[in-house]
Structures are given as structure tokens and as C-alpha cells.
Amino acid sequence: MLKVIVLTKLLYMDDSYLREFDARVVEISGDNVILERTAFHPRGGGLPDDTGVFLKEGRATKVVQVLSEDGKVLHSAPGHGFSVGDSVKGILDWERRYLIMRMHTGIHALASVFNKRTGALITGNQVNVDKSRLDLNLEKMDRALIDDVFNETNRELASGRNVKIYYLPREEALKIPGIVKLAEAAPPNVEKLRIVEIENLDVQADGGPHVANTREVGELILLKIENKGKNNRRVYFTLR
């Protein structure tokens, strides 16, 4: 018999502000609950996973970890007691998610300004709720330049640029100048790419949640700069 693989529909791809959703359980694997659709973002791509709760018949079960595996989103909910076919309501920890969204849009803007000013590409990144980091293949440590890039980025964020999300055929998307800012990685090999555009500032292929306007990000505060080998600099920042 042919086994049917059910892929999870990712609701956050089209609506980053979705805080609650209803879904049906399609698979159980120990503590892991797989739904037909979800607004929980799994860990990956430099982003942390969402947390929150599942509600069923007035009982709340914590979602403590969210991972992706073979197109399925695994929600770790110890003690859930669910069965395949159950209907549940998912509720995100919105305060945490919104911080991630602000950080994520902020790091896109910062990488874009670095790229335009220096040609530097991203060699690594990690978004977190308290602080984030961006690694770049900058030739030398230049504190004055880095300070200036942060100041310019903050001016761009404060100008209130809209953040648009849309989809393009992969071949068409890859023709856009600057669409790829990763030094050693390419967008996924899929028919259509999800594009995140900060109007008149940045265009990137990206699969994570973002704010709708750069004013929501706030101000990026430079915390620390590190040398991470030849031509590789790491900047840590937080939000205010």
C-alpha cells in the first residue's frame, strides 16, 4: 500500500500576525503532534521556534518546542493526550513571536545596508528574543564603519518602510539583484520562492515571519563586535 505523506500547511508564510488557529491532528509521534496546518514557526533558518499552547475542550497543553522534518512540523507538547483526528486550537506566545519578527526584519535591514555599503555577504546569523547576531565577510574590523552602518539602518527603519511578502517563480526571483545575500548558500530548490521586500531597501528570498512596517522594529543597538577568522566579523545587537 502506498503511504500518503501529509505536509503541514504553514500559515505564518502568508500571515505573520496570526496568533490563534484551529487545526486537525493528522499524526502523533510520542510527545510530537503533527497538524494539517500551523502558525507555529519551527526552529531553523537562523530563527528560534515559537512556543505557546494547544487548547482542546478547555484544557491547555504547552507547546515547548517546534521542529520541521520532511515537510512536517513537529510540535512537542508533553502530556498532550491527543489522538489522530482531534481538533485543537493553537495559541502562540505572541510577545515572544513579535520580538522574533522585529528582530528578523531588523537583521534583514542591517544586512542590506552592510551589503550596499561594503558588498559584504552574510556568513551566518542567529535571531533570538534578547539579542541577535549577524556574521559578515568584511575584510577588516572598522568600528567607525560599523557604527555608521547601524546609524543608517536605524534611519531607514524609522522612515516607516512597508514590508511586503509575495511569491515569484524561482528563475524570475534569482534574476533580482541582491536577492541572495548568503555567502555560502542558495535559496531552496522549489518552483516558487517566497520573497520578503522592505520597500526601497531590501529584497530577499526568505521563509520566516516579519513585521509589516519597519517602524515596528524599533532601534538596533550594537552590543559587541568579534573577529571570527579571516575576513569574518560578527556583530551582536539588541532592540530598543
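Would you confirm whether or not the range 84-95 contains a residue that is crowded, with 16+ Cβ neighbours inside 10 Å and either at pLDDT below 95 or of a type in the set (Ser, Thr, Tyr) (or both)?
If we filter the range 84-95 for residues that are crowded, with 16+ Cβ neighbours inside 10 Å, which is where we start, we get 86, 88, 90-93.
Now narrow it down to the ones that are either at pLDDT below 95 or of a type in the set (Ser, Thr, Tyr) (or both): none.
There is no residue in the range 84-95 that is crowded, with 16+ Cβ neighbours inside 10 Å and either at pLDDT below 95 or of a type in the set (Ser, Thr, Tyr) (or both).
Residues of the range 59-95 that are part of a loop (DSSP other than H, G, I, E, B) and of a type in the set (Phe, Trp, Tyr): 82 alone. Among residues of the range 209-229 being within 16 Å of the chain's Cα centre (by Cα) and part of a loop (DSSP other than H, G, I, E, B), the one that is surrounded by the fewest Cβ atoms within 10 Å (Cβ to Cβ) is 212. Do we find that residue 108 is of a type outside the set (Ser, Thr, Tyr), within 27 Å of residue 179 (Cα to Cα) and surrounded by 14 or more Cβ atoms within 10 Å (Cβ to Cβ) in this structure? When the stated conditions are applied, residue 108 passes them.
If the condition is being under 18 Å from residue 107 (Cβ atoms), of a type in the set (Gly, Ala, Ser) and in contact with a strand residue (DSSP E or B) (Cβ under 9 Å, 6 or more places away or on another chain), then the range 144-180 contributes only 178.
Residue-wise test of (1) without any contact (Cβ under 8 Å) to a residue 40 or more places away in the chain; (2) touching a Lys or Arg at 6+ places or on another chain (Cβ under 9 Å); (3) on the phi < 0 side of the Ramachandran plot; (4) part of a loop (DSSP other than H, G, I, E, B).
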position: 167; (1), (2), (3), (4): yes, yes, yes, no
position: 176; (1), (2), (3), (4): yes, no, yes, yes
position: 200; (1), (2), (3), (4): yes, yes, no, yes
position: 207; (1), (2), (3), (4): no, yes, yes, yes
position: 231; (1), (2), (3), (4): no, yes, no, yes
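Out of the residues in the range 40-58 that are small (Gly, Ala, Ser) and in a loop (DSSP other than H, G, I, E, B), state the one that is farthest from the chain's Cα centre (by Cα). Across the range 40-58, the extreme among qualifying residues is 58. Whenever a residue of the range 140-159 is under 17 Å from residue 200 (Cβ atoms) and among the aliphatic types (A, V, I, L, M), its partners that are modelled with pLDDT of 95 or more and surrounded by 14 or more Cβ atoms within 10 Å (Cβ to Cβ), lying with C-beta atoms within less than 6 angstrom and at least six residues away or across chains, give the pairs 157/109; 157/214; 157/217.
Would you check if there is a residue in the range 69-90 being acidic (Asp, Glu), under 27 Å from residue 216 (Cβ atoms) and not assigned by TED's automatic domain parsing to the domain that holds residue 127? No: zero hits. Of everything in the range 96-145 that is basic (Lys, Arg) and either assigned to a loop (DSSP other than H, G, I, E, B) or at pLDDT below 95 (or both), the residue that is nearest to residue 64 (Cα to Cα) is 131.
The values are calculated or read from the model by the stated rules, or taken from the named source; none is laboratory data. Bear in mind the structure is a predicted one, so any value in this text is a computation, not a measurement. Note that each Cβ is placed from the backbone with ideal geometry, even for glycine, and that neighbours are counted across all protein chains shown.
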